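The values are calculated or read from the model by the stated rules, or taken from the named source; none is laboratory data. All figures in this text were calculated on a predicted structure; none of them were measured in a lab. For neighbour counting, all protein chains shown are included, and Cβ atoms are generated from backbone atoms with ideal geometry for every residue, glycine included.
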Amino acid sequence: MRFEFSDIFRHEFQNLPKEIQKTADKQFKLFLENPFHPSLNSKKLKGENNVWQARINYNYRFTFLIKGDAYYLLHIFRHK
């Protein structure tokens, strides 16, 4: 599997604090090894058509779709 990125995701990622970007990169590597690793807390969002969410850390999340052999990253954001 591989990643593809929406333009919105790229913009949101670039605007994150550098520390969160580093943590996100670490979590993305883990995600590629095992998208359902417990620290990611990956889950399908209710009411959304095939949209999933995973955890960067306690405060940040990202959403994605599974499209063929790729994870299409939609958004990365601060979780309230």
Please find, within segment 20-47, the residue that is farthest from H75 (Cα to Cα) out of those that are of a type in the set (G, A, S) and either at pLDDT 95 or above or surrounded by 11 or more Cβ atoms within 10 Å (Cβ to Cβ) (or both).
S39
The condition of being surrounded by 17 or more Cβ atoms within 10 Å (Cβ to Cβ) and not polar (S, T, N, Q) holds, among F3, F64, only for F64
Residues being assigned to a strand (DSSP E or B), over 17 Å from R2 (Cα atoms) and within 11 Å of the chain's Cα centre (by Cα): count how many of those fall in segment 44-75.
3
At pLDDT below 95 and either exposed (fewer than 11 other Cβ atoms within 10 Å of the Cβ) or on the phi > 0 side of the Ramachandran plot (or both), is that true of N50?
yes
